[in-house]
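Visitor: Below you'll find the structure I mean.
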Amino acid sequence: MTDIDPIEMKRIRWRSRRGLLELDLVLERFLARRFDSLSQPQLVAYRELLDLPDNDFLDIVNGKADLGDPALMEIIGILRTI
Amino acid sequence: MGIPVRRFDAVIVGGGGAGLRAALQLSEAGLKTAVISKVFPTRSHTVAAQGGISASLGNVQEDRWEWHMYDTVKGSDWLGDQDAIEFMCRKAPEAVIELEHFGMPFDRLENGKIYQRPFGGHTQNNGQTPVQRACAAADRTGHAMLHTLYQRNVRANTQFFVEWMALDLIRDSEGDVVGVTALEMETGEIFILHAKAVLFATGGAGRIYAASTNAFINTGDGLGMCVRAGIPLEDMEFWQFHPTGVAGAGVLITEGVRGEGGILLNANGERFMERYAPNLKDLAPRDFVSRSMELEVLEGRGCGPHKDYVLLKLDHLGPDIIKQRLPGIREIAMKFAGVDPIKEPIPVIPTCHYMMGGIPTNYRGEVVVPKNGNDETRVNGFFAAGECACASVHGANRLGTNSLLDLVVFGKSAGDSMVKYIKEEMPTWKDLPADAGELSLARVARLDNQTGGEEVADVRIAMQRTVQARAGVFRNGANLKLGVEEIQQVAERVKRTQIKDKSKVFNTARVEALELDNLIEIALATLISAEARKESRGAHAHDDFQHRDDENWMKHTLYTGSDRSLSYKAVHTKPLSVDYIPPKERTF
């Protein structure tokens, strides 16, 4: 697991811009309220979620599907309630 | 210390459906092709298109491209160019079958053919009966199209520059386009991409409105670059709206909610639709409900701290009905409006969805501008396709499922035109002008050195509120005139935006400031074009001029940014092979 430095955090912020408005809105809130207090493992998990295709990501955020990895689901849990 | 230059045969700005389709033509023709995109291509806004792509395949019911053409002309309220519309509708079956051969997973009939679903506005026999014309990949048609085209491009060796933002068009002394400047976000460095031909496929610009279904990336960068480079914008007064988006968010609440008994209230708690439509009330047609909602807001009966929305009340239906019949809506309301509709009403407002206008092109995807008495002189080396372009097939209003079709048909057509142009007319690169890139450097330097200016977000919100209030679904002369004054004041503020973060690497504040430079040009074009059009046509519903006026206004608007002036050009009334479809009253 590579450390996430401040530049990588800025890259992750930009990658939170998506093709779907619904995701933009949820992630915008997440960035404003939770992002700066995430632990390194949580940042790594969030970065991995950003690689999901938009429609799959939104379905998971909306609770229509789950992921197998508990670390990813922890972040999804935050996104579902934010 | 010059700006670094990279050379390609073709540069494509935008990695959505149109850009990828065009890139494929170029790369497969063996040309060195670069696609630059602010986000990873498969996360372009094309993924949001769910409805489908229309084509008269006739797999479910008898269909003909001529009928599709009729529906599109009628949908455009006779502002669409009939040569371009014929081109698109004739090419549609071939375009869809080609996508199928590329591996796009369309829904199928039992006999193996592509399934086609019904969609509003598509008919047989020139408006007689509805027809099933929309081809879809479940509710992910746009997503499937993007992934299919991306894979093909990887195979064809298209070069992708991801997380790059194009800043300005480069034109030489003859006005020919010879490249673009672009910002690599990862380094903050500005490059010149020198090209024999440039295509803009930068998508829509719905973010000029406070209420928009568009993703945050839809900032109309291509249109802003055109305005700064002296290219006019066409028909910018025409924007498509949905009546009920969640206020402050833009996520849509389906019209079915009003069908189930949901009612609209103003700040006084009045069910105002009873006043506008005593019989149909909240179930009046979509555009009528939208205009009534906006009129309530304009007359000071809106709700909330800014009095800028109305309320959609459901609680009287009872928790059981809401949970059983409208679970998705409850979820959206709780997530994006922060209210549980079982207890509280949902703040809603008419919400912008699609831009009909854009960069003036012909059906070959060539950008055409007035010059030396010819309204449609080709700009050498410059092409556009997709939502950012105005071919014009959508005219004053777009028909559902024609947007994805537009992307692939005109993306391919523009790609073919570029291949021909490069191979036949451009054996080598034209020289870059001596001052190439200076405008972009100056813009970024201005931003870095600005003091005493305003926050980007504050100015953006001021712009969005102005456009929403003055150029929304309810339009009249007085309101539009006010809007033109107000938006010009906002434009002055945009010149003095300031950012705190001056760092180079992944500076999103800088990107957002540069995006606002583009958005404001589009907002100006929209207000100024709308104020001048003294008729109602398609999505431009003018309260002082409630009818379409073909004698005086069947013409395209051209907005020029340098002096904020307007000119007009004729609608193409001559299709390529069939008879002209003359104007009729648009009733359904």
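Visitor: Kindly provide the set of residues from the stretch A:1-46 that are outside any helix (DSSP H, G or I) and within 8 Å of another protein chain (Cβ to nearest Cβ), ordered by number.
Guide: Result: A:R17, A:R18, A:G19, A:L20.
Visitor: Tell me whether the stretch B:119-141 contains one or more residues that are within 14 Å of chain A (Cβ to nearest Cβ) and assigned to a helix (DSSP H, G or I).
Guide: The answer is yes, given that some residue of the stretch B:119-141 is within 14 Å of chain A (Cβ to nearest Cβ) and assigned to a helix (DSSP H, G or I).
Visitor: If a residue has to be assigned to a loop (DSSP other than H, G, I, E, B), within 30 Å of B:R133 (Cβ to Cβ), at pLDDT 95 or above and within 13 Å of chain A (Cβ to nearest Cβ) to count, how many in the stretch B:6-58 make the cut?
Guide: 4
Visitor: Continuing with this model, one more query. Here are B:R475, B:R510, B:R470, B:R493: which of them is away from chain A (no Cβ under 14 Å) and more than 21 Å from the chain's Cα centre (by Cα)?
Guide: B:R493
Visitor: Go through the stretch B:58-96 and report how many residues are surrounded by 24 or more Cβ atoms within 10 Å (Cβ to Cβ) and of a type in the set (S, T, N, Q).
Guide: 3
Visitor: A further question follows. Among the listed residues B:A530, B:A541, identify the single one that is on the phi < 0 side of the Ramachandran plot and at pLDDT below 95.
Guide: So the residue among B:A530, B:A541 that is on the phi < 0 side of the Ramachandran plot and at pLDDT below 95 is B:A541.
Visitor: Give the stretch B:403-448 a look and list any residue that's in a helix (DSSP H, G or I), polar (S, T, N, Q) and surrounded by fewer than 18 Cβ atoms within 10 Å (Cβ to Cβ), or say none.
Guide: Answer for the stretch B:403-448, where residues must be in a helix (DSSP H, G or I), polar (S, T, N, Q) and surrounded by fewer than 18 Cβ atoms within 10 Å (Cβ to Cβ): there is none.
Visitor: Can you work out which of the residues in the stretch B:184-201 that are in contact (Cβ under 8 Å) with a residue 40 or more places away in the chain and within 14 Å of chain A (Cβ to nearest Cβ) is farthest from B:E438 (Cα to Cα)?
Guide: So, considering only residues that are in contact (Cβ under 8 Å) with a residue 40 or more places away in the chain and within 14 Å of chain A (Cβ to nearest Cβ), the one farthest from B:E438 (Cα to Cα) is B:E186.
Visitor: State whether one or more residues within the stretch B:562-572 are among the aromatic types (F, W, Y), within 19 Å of B:D77 (Cα to Cα) and within 22 Å of the chain's Cα centre (by Cα).
Guide: Yes, there is a match, as at least one residue in the stretch B:562-572 is among the aromatic types (F, W, Y), within 19 Å of B:D77 (Cα to Cα) and within 22 Å of the chain's Cα centre (by Cα).
Visitor: A:L58: within 12 Å of chain B (Cβ to nearest Cβ), more than 10 Å from the chain's Cα centre (by Cα) and crowded, with 16+ Cβ neighbours inside 10 Å, yes or no?
Guide: Criteria met by A:L58.
Visitor: Filtering the stretch B:316-333 down to residues that are away from every other protein chain (no Cβ under 14 Å), closer than 23 Å to B:F272 by Cα and assigned to a helix (DSSP H, G or I), which residue is modelled with the highest pLDDT?
Guide: Checked the stretch B:316-333; the qualifying residue modelled with the highest pLDDT is B:H316.
Visitor: Please go through the stretch B:469-498 and pick out each residue that is part of a loop (DSSP other than H, G, I, E, B), of a type in the set (A, V, I, L, M) and at pLDDT 95 or above.
Guide: The one that is part of a loop (DSSP other than H, G, I, E, B), of a type in the set (A, V, I, L, M) and at pLDDT 95 or above: B:A471.
Visitor: Follow-up question, since we're still on this one. In the stretch B:410-429, is there at least one residue being closer than 30 Å to B:V490 by Cα and hydroxyl-bearing (S, T, Y)?
Guide: no
This table checks each residue for (1) at pLDDT below 95; (2) within 14 Å of another protein chain (Cβ to nearest Cβ); (3) in contact with a helix residue (DSSP H, G or I) (Cβ under 7 Å, 6 or more places away or on another chain); (4) closer than 28 Å to B:G357 by Cβ.
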| position | (1), (2), (3), (4) |
| --- | --- |
| B:L146 | no, yes, yes, yes |
| B:R155 | no, no, no, no |
| B:M165 | no, yes, yes, yes |
| B:A182 | no, no, no, yes |
| B:G203 | no, yes, yes, yes |
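Visitor: Being among the hydroxyl-bearing types (S, T, Y), in contact (Cβ under 8 Å) with a residue 24 or more places away in the chain and not in a helix (DSSP H, G or I) narrows it down to one of B:T377, B:T466, B:T451, so name that one.
Guide: Just one listed residue meets the conditions, B:T451.
The values are calculated or read from the model by the stated rules, or taken from the named source; none is laboratory data. What you are looking at is a predicted structure, and each value in this text was computed from that prediction instead of being measured. Positions of Cβ are generated from backbone atoms using ideal geometry, with glycine treated the same way; all protein chains shown enter the neighbour counts.
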